Amino acid sequence: MTELRPLSPAEAARGLRRAGEAARGFLGTDPVTQNDALLVRELVRREAQVYAAGGALVGCVPNRAQPRQAYVSSTSAGPEPVRALLGHLTTYQRRTSFVALVPGEGAAAFLGAGFARTGVLPAHRYAGHAFHDVLVLVKEEPCRS
């Protein structure tokens, strides 16, 4: 299983910058267009928790309207870092509902971790001089004792 290492907001900003295009939209940020100071401020404002997971970054922000739900992101193309994050959140934070907003090409990691495609936000993301659709993916987990 992939080990998670918590990152400070400054470490997360540097890691997101290194991830380049894979980090676009990570928890609502854009490290390609935002500088480190703005990334840190946004991660803190959103109460983001970001973890190094192997060579990838994974993270979550709480849904303030639903305490057991978290929005999750990953820079990995594979599902294992996402599975590790969900296991951690379910076991230690008792979160049971997860939402990921990802561009279509970023869905494989989440679909491989058991997320279901539940909707599309048409033309929701602007990148490369064009608007792109964003997939809404959801996963429910039983609460672990």
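The values are calculated or read from the model by the stated rules, or taken from the named source; none is laboratory data. No experiment lies behind these values; they were computed from the predicted model shown. Ideal geometry is used to build each Cβ from the backbone, glycine not excepted, and the neighbour counts take in all protein chains shown. The protein model used for the area step is the full one, side chains on, heavy atoms only, and it has no ligands, DNA or RNA in it. Shrake-Rupley method; radii C 1.70, N 1.55, O 1.52, S 1.80 Å.
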Number of the condition not met by Pro6 [criteria: (1) assigned to a helix (DSSP H, G or I); (2) open to solvent by 50 Å² or more (accessible area, probe 1.4 Å)]: (1)
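If you scan region 75-109, which residues turn out to be of a type in the set (Val, Ile, Thr) and either farther than 28 Å from Phe131 by Cα or touching a Cys at 6+ places or on another chain (Cβ under 7 Å) (or both)? Give the steps one after another, and end with the answer.
So in region 75-109, the residues of a type in the set (Val, Ile, Thr) come out as 75, 82, 90-91, 96, 99, 102.
Those that are of a type in the set (Val, Ile, Thr) and either farther than 28 Å from Phe131 by Cα or touching a Cys at 6+ places or on another chain (Cβ under 7 Å) (or both): Thr90, Thr91, Thr96.
Can you name the helices (runs of 4 or more DSSP H) wholly within region 31-145 that have at least 2 residues being under 13 Å from the mean Cα position of the chain (by Cα)? If you could, list the steps in order and put the result at the bottom.
Details: elements: 36-45, 80-92, 108-112.
By residue number, 80-92, 108-112.
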Residue under evaluation Arg14, criteria (1) at pLDDT 90 or above; (2) part of a loop (DSSP other than H, G, I, E, B); (3) charged (D, E, K, R); (4) in contact with a helix residue (DSSP H, G or I) (Cβ under 9 Å, 6 or more places away or on another chain), criterion not met: (2)
Unmet criterion (only one of (1) open to solvent by 40 Å² or more (accessible area, probe 1.4 Å); (2) under 19 Å from Phe98 (Cα atoms); (3) small (Gly, Ala, Ser)) for Ala53: (1)
Odd one out for Met1 among (1) under 13 Å from the mean Cα position of the chain (by Cα); (2) at pLDDT below 90: (1)
